[in-house]
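A quick write-up on the structure given underneath.
The values are calculated or read from the model by the stated rules, or taken from the named source; none is laboratory data. Keep in mind that this is a model prediction, so the values were computed, not measured. Glycine gets a Cβ as well: all are built from the backbone with ideal geometry, and neighbour counts include every protein chain shown. The area values use the complete protein model at the heavy-atom level, side chains included, leaving out ligands, DNA and RNA. Shrake-Rupley method; radii C 1.70, N 1.55, O 1.52, S 1.80 Å.
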Amino acid sequence: MLGKYKALWLNEEDFLEVIDQTKLPFFYETKLLKTTNEVVNAIQDMTVRGAGVIGSVAAFGIYIACMESDGYEDLKEKAKLIRASRPTAVNLMWAVDKMMDLLKDSTNLLKDSKKFAIELNDDEAKESRQIAKYGADIIEKIMLKKNKKSINILTHCNAGWLAVIDEGTALAPIYEAKKRGIDVHVWVDETRPRNQGASLTAWELGKSNVKHTIIADNTGGYLMQIGDVDMVIVGADRVSANGDVANKIGTYLKALAAYDNNVPFYVAIPSSTFDFDIKDGLKDIPIELRDENELKYMSGIDSDGIVREILVTPKDSPAINYGFDVTPARLISGLITNKGVYKASLQEIEANFL
Ligand code: MRU
């Protein structure tokens, strides 16, 4: 694919260009990342977001850092900054470590880093297409079992092509199901406080003409109780060796509701999302704590087309803004991966991915 992906690409001058996700769904704008600092800022301020794309930008970030580096030792310092830009999505650390390992004996850092970043991203794109296929097979199976002509799938946050190149993870099977002619409808959790569902997932699905309905974050449980959810598919930011899944805050509550209502709950991930060093995800996956103002303020567009930020809480009330939670493996029906669908268990994960 030579450096061209949906959410990011190398431009004619070989700099990294990304879709500015903070502007969606109101404006489609792109941003050029030309320095290590710009790469770090883009990850931190959510210009780019979603575990896979954070990893992809980090890989190209190492290439950008090579433009500014005086040898491998100097590059190491810049790599540290990129690696530390966000804490939970392990794809970030994985991509930086992989790039640095590949480059350790390089005699031409700039040329090699570009080549390795493209290869890494081409592999990720391939994995997304495999996830699409295995996930769509499950969608078909569930429809067959329930003898249904259409299917309602609930998703949380955004795990589409804005979050993981090239087709996404949780949304990839949905796109593939649509291509197979399946009548699919998606319940889109708004995903407070940053509204990745309402602003990004809904935008993506709309662009692809996939039927969808935005719901308040608290609605999923009720929909499951009245039989309106056939399955849940979410992505993940990190999966520990024992199959615990860190994903956007609120995922755990959906998994509990799904378990209680016998609704299959699947997690779609590429192999870069596994963290084999963590054996107990509930205990050891680091959870990002973000600025309380993300919760206290909301932004949207007014009738004059101007984007405004408004306070929605008492000004002085404190708020706490955890970015992620961890869903225990026991609540997960299966992991939809690039190699097939597996149980979320230490045994299956180690046997197939280590
Ligand atoms: O804080 P974000 O927007 O980067 O979080 C994104 C999510 O939690 C996604 O659901 C997650 O990355 C899984 S899809 C790659």
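Structure notes:
- Most mobile listed residue (285, 54, 215) in the chain, GNM with C-alpha springs under 10 Å: 215
- 20 Å binning of all Cα-Cα separations within the chain, expressed as whole percents from 0 upward: 31, 59, 10, 0
- Considering only 248, 114, 98, the Gaussian network model of the chain with Cα springs below 10 Å gives its largest mean-square fluctuation to 98.
- Cross-link reach list, lysines versus residue 296, counting only Cα pairs under 16 Å and skipping chain neighbours closer than eight places: 315
- Peptide ranges 188-195, 14-21 listed from the most packed, as the mean C-beta count within 10 angstrom indicates: 188-195, 14-21
- For residue 76, a cut-off of 23 angstrom between C-alpha atoms picks up these lysines, skipping any fewer than 8 places away in its own chain: 34, 98, 104, 111, 114, 115.
- Accessible surface, per residue, of the chain when the full set of protein chains is kept, probe 1.4 Å, Å²: 44
- The share of accessible area on the stretch 8-124 that comes from carbon and sulfur is 49 percent, using a 1.4 angstrom probe.
- 5 angstrom amide H check on residue 232, placed H, neighbours 5+ away: 154, 265, 266
- Hull volume per residue, based on the alpha-carbon atoms of the stretch 24-85 and their convex hull, is 71 Å³.
- Peptide ranges 105-111, 60-66, 293-299 listed from the most packed, as the mean C-beta count within 10 angstrom indicates: 60-66, 293-299, 105-111
- What the phi angles of the stretch 222-236 give under the Karplus curve with 6.51, -1.76 and 1.60, with θ = phi - 60°, is a coupling list of 5, 4, 5, 4, 8, x, 9, 10, 8, 6, 10, 10, 10, x, 7 Hz, glycine and proline written as x.
- Legend: calculated FRET efficiency, residue 301 to residue 12, from the Cβ-Cβ distance at R0 = 45 Å, rounded to 0.05, equals 0.90.
- Value of Rg to Rh for the stretch 1-151 (Rh from inverse mean 1/r over Cα pairs, i.e. Kirkwood): 1.07
- Cut-off under 5 Å, modelled amide H: who pairs with residue 215 long-range: 188, 189, 190
- Bridging of residue 149 to lysines at a Cα separation below 30 Å is possible for 126, 133, 141, 178, 179, 207, 211, 254, 339, 343, once same-chain residues fewer than 8 apart are set aside.
- Unit charges on C-beta of K, R, D, E only; dipole of the chain, Debye: 1140
- Percent of beta bridges antiparallel (DSSP, the stretch 221-354, rounded to nearest 5): 65
- 222 nm mean residue ellipticity, helices alone, for the chain (DSSP H n ≥ 4; -39,500 (n - 2.57); rounded to 500): -12000 deg cm²/dmol
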